[in-house]
1. Using r as the Cβ-Cβ distance of Asn305 and Asp144, and R0 as 35 Å, what FRET efficiency do you calculate, to the nearest 0.05?
2. Kindly give Rg over Rh for the range 187-281, based on alpha-carbon atoms, with the Kirkwood expression for the hydrodynamic radius.
3. Which pairs in the list Lys163/Lys225; Lys165/Lys260; Lys190/Lys225; Lys141/Lys271; Lys9/Lys225 are over 26 Å apart, alpha-carbon to alpha-carbon?
4. Under 1.5 on a/c is rounded, so check that first for the range 1-146, then, if it is not, pick prolate when a/b is larger than b/c and oblate when it is not; a ≥ b ≥ c are the square roots of the alpha carbon gyration tensor eigenvalues.
5. Report the gain in length on full extension from Thr187 to Ala328: 0.36 nm times residue separation, minus Cα-Cα distance, nm rounded to one decimal.
6. Using 0.36 nm per residue of separation minus the Cα-Cα distance, give me the extension gain between Asp389 and Lys256 in nm, one decimal.
7. Report, by chain and number, residues whose modeled amide H sits under 5 Å from the one on Lys141, excluding near sequence neighbours (fewer than 5 apart, same chain).
8. May I ask you to derive the FRET efficiency for Gln110 and Met249 from their Cβ-Cβ distance with R0 = 30 Å, giving the value to the nearest 0.05?
Amino acid sequence: MYDVEAIRKDFPILSREVNGKPLVYLDNGASAQKPQVVIDAITQAYSMEYANVHRGLHYLSNLATDKYEAVRGTIAKFLGVPDENEIVLNSGTTEGINMVAYGWAMPRLQVGDEIILSVMEHHANIVPWHFLRERQGVVIKWVDTAADGSLDPQAVIDAITPKTKLIAITQCSNVLGTMVDVKTICTEAKTRGVAVLVDGSQGSVHAPVDVKDLGCDFYAITGHKLYGPSGSGAIYVSHERMKEMQPFMGGGDMIKEVSKEAVTYNDPPMKFEAGTPGIVQTIGLGAALNYLMDVGMDKIAAHENALRDYATEKFKGLNWLNIQGHAANKAAIFSMTLQGAAHAHDISTILDKRGVAVRAGHHCAGPLMDHLGVSATCRASFGMYNTTDEIDTLVDALELAHELLA
Ligand code: PLP
């Protein structure tokens, strides 16, 4: 059984008050809170086990290296990747996608080559491709969501032409919660020789992931949404694509030898990890993923799906509330506006007075906001520690906002 009260006790911040009310943290889509095991791992690393990694021959450096490198294996296990050498450690999804844009796409794509994006991508999976458009004449092709906020995998497949080199797509919309059938897209893309990059920033948080089963070429995750530290993350890169990829950043650690005349690169994945990494952040991410795997991603998914269903029912009773996105397969992420002119920022300020933390704004998803015809929404995004009582508090706070702003 999933004991949400026991889970909540693992997260010290959840016992605090905000504005004199118990905290109801519903901004998990932006960043999740950290369990004590992560906080402890960070404290232990800094207080007893800290040194730079990969370089020293002394005890602490070896210890820190072992702890840091062990996380590569933990991430591989979490993502269903048998060979940890297909995991590049980094600071998060933004870095991961930029690495692919600079290291894999830029050297390979020519004027007129096409990259397919869905309209619900986060800016982290848009702006690096605009760089290629601006600098190399690459064409970005957009695939719209349907009226219910779902994304038809066939629409993505139909957008493929002989010029398509890459599909870069989210597994889960950070605004609508829409889950994308990435596997169907990858299967078809493979037969056409098109690479697929999956932005797993949200998808990896809400359901178990098996990257090998998905069949993608790149899969990016970001630690802070996975209950780990900010500045941690990783990207899965298949061996085949790793062979094709050039280093994006140069510096220490990613080389074997450097002379005045030449550089010999380290073996992958370290070839793609320049400079002193986020040592403690990565160790903290390892603790977070072990925690998630101990609880069970399938159990977390079932809990969040129950929250989604409960919230959906509750919201149905509020006829002045517009929920964006009703895809059949969606995570517990709800973007909303009130009927009338109430601004999302004002709504969130009222919610905050009730201790309810939500995100308000464009959610780094400009093209989706344009597509939906809204400038901003309020987003309640649920995590492993949220409860149905908290949904009730959210609904009460929304009723107050409606009363005050209507
Ligand atoms: N992609 C999606 C779908 C996201 O929700 C986010 C963060 O909000 C990102 C990418 C960017 O992640 P980060 O800022 O951690 O690199």
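1. After rounding to 0.05, the efficiency reads 0.85.
2. Values: Rg = 15.7 Å, Rh = 15.2 Å.
Across the range 187-281, the Cα-based Rg/Rh ratio is 1.03.
3. On the way: Lys163/Lys225 35 Å; Lys165/Lys260 36 Å; Lys190/Lys225 29 Å; Lys141/Lys271 31 Å; Lys9/Lys225 19 Å.
Long pairs (Cα-Cα over 26 Å): Lys163/Lys225; Lys165/Lys260; Lys190/Lys225; Lys141/Lys271.
4. Values: a/c = 2.54, a/b = 1.34, b/c = 1.90.
Judged from the Cα gyration tensor, the range 1-146 comes out oblate (a/c at least 1.5, b/c at or above a/b).
5. 48.6 nm
6. 42.3 nm
7. Ile115, Ile116, Leu117
8. Between Gln110 and Met249 the formula returns 0.80.
None of the figures in this text is laboratory data; all of them are computed from the coordinates on show. All values derive from a computational prediction rather than experimental measurement. Positions of Cβ are generated from backbone atoms using ideal geometry, with glycine treated the same way; all protein chains shown enter the neighbour counts.
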